Structures are given as C-alpha cells and as structure tokens.
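Report on the following structure.
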Amino acid sequence: MNKTKRKIFETSLKLFSEKGYDATSIEEITAIVGVAKGTLYYHFNSKEEIFNFLIEEGMKLLINSIEIKISKCSNTLDKIKAVSLIQLKAVYKYENLLTIVMSQTWGNETINVFCREKVLEYISVIQKIVQEGIDSGELVNCNAEVLASEIFSLTCSTLIYKRKAGMNQIDVQGLYGEYEKTLFNKIINK
C-alpha cells in the first residue's frame, strides 16, 4: 500500500470509528489527509469502497493472526486460548477497527450486511476449531456455533469493559486470567 493510500486508510479508520460511517464525509477525509478528491478517487471509488477495504483488510488480519498462532498449538484448548489472547490484544491494537465493525453489524444497509458477513466469516474460523475439539472429545459436547459466538463475544465485551473503565490500555494478561477461570475451565471435557 503506498503512502497516500495508507494515510487515507488510517484517517478513514479513525473518522469512521469516532464519528460513524454516515457522519464522515469524503471532504473531511481529504481535508485531513491533505489531498484533492481526485487523488482519493484514484485510490478508492467511493466512501463505501474505503469502508469495505478497511473491514476486509482488518478482518483478514485477525483471521491470519489466528491461523498462524493455532498452527503452533497441539490441542484444541490451546487453540481456543490462542484465539482469545489474539482477540484481547486486538481490542488494544485495533480498537478503531473493532469499534467500526461492532457499530455497523446491525441494520440492513449494504455496509451492515457486509460487516455482518465478515464477522460471521471470522466466527466460522473459531467454530471449526471448536468443532474439532468436540469431535476429538477434548471439549464438552455443545453447539459449536454458539460456543464460537461466545468466544468472539469476548472481544465485544472487552471493548465495552475498556470503554466503561475509561482505560487507555487493558491488562491483557489479567483479563486472560479471568477468561481462564470463567470460560476455559467450563468447556474442557473432563
């Protein structure tokens, strides 16, 4: 990604997160980036294309992080723990992206449907891990789709917790320890 496109990407990410998609204008993006509309349109055809690019690239990044991390894990519980840790770190590192995704998941507009599809793709990655654990007997017999959604919801609840507490940073290891006490111990097939 060249320097101008990256700046458009980063500025749009910040504005969409702070103001919302509808309240952010192309004019505002170009003013902050310091480029003419023509330059922006050279890289993106529309505000919706910028939005879709942000969500697509962001969710790909999270999925790739999971796939790399779980490839080094020997059992399902370690894979789920790795996913949870990645999600906790993502709340800190990619808060703007997650704010946009969460805020735009509901509704029937094109961008809402797109966000929802990307979230469901992400959850399906987790669901495959969970199903593998159920099939191998490592995890309790449960609905894999529900448990995968619950694991994803850790990201949502951590984002809300962080905002509620007014924290700039979160104690990733501390929250991870709480997840170990509450979630991980409940899903192991003993």
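Bear in mind these aren't lab numbers, they're just calculated from the coordinates by the rules spelled out. Treat the numbers as computed from the prediction; the structure is a model and nothing was measured. Using ideal geometry, Cβ is built from the backbone for each residue, glycine included, and neighbour counts are taken over all protein chains shown.
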Under 5 Å from the placed amide H of LEU139, counting only residues 5+ away or on other chains, we find ILE134, ASN189
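In the chain, which helices (entire DSSP H runs) extend 20 Å or more along their own long axis, judged by Cα positions, while averaging at least -1.0 on the Kyte-Doolittle scale?
Details: long enough: 3-19 (23 Å, -0.96); 47-70 (35 Å, 0.35); 76-93 (25 Å, 0.39); 110-136 (39 Å, 0.28); 144-164 (30 Å, 0.43).
Both cut-offs are met by 3-19, 47-70, 76-93, 110-136, 144-164.
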Per the C-alpha gyration tensor (a ≥ b ≥ c, the square roots of its eigenvalues), segment 1-45 is rounded if a/c is under 1.5, else prolate if a/b beats b/c, else oblate; here it's prolate
Under the helix-only model (-39500 (n - 2.57) for each DSSP H run of 4 or more, divided by the residues of the chain), the mean residue ellipticity at 222 nm, to 500 deg cm²/dmol, is -24500 deg cm²/dmol
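Percent relative contact order of segment 1-45, based on C-alpha pairs within less than 8 angstrom and at least six residues apart? Kindly include the intermediate steps, with their values, before the conclusion.
Working: 21 pairs, mean separation 17.4, N = 45.
Taking the mean separation of contacting Cα pairs over the length of segment 1-45, I get 39 percent.
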Applying the gyration tensor rule to the Cα atoms of segment 27-177 (axes a ≥ b ≥ c; rounded if a/c under 1.5, else prolate if a/b exceeds b/c, else oblate), the class is prolate
The summed charge of the ILE86 Cβ neighbourhood (under 13 Å; Lys/Arg +1, Asp/Glu -1) stands at +4
Whole-Å distance linking the alpha carbon centroid of segment 90-151 with that of segment 1-56 is 26 Å
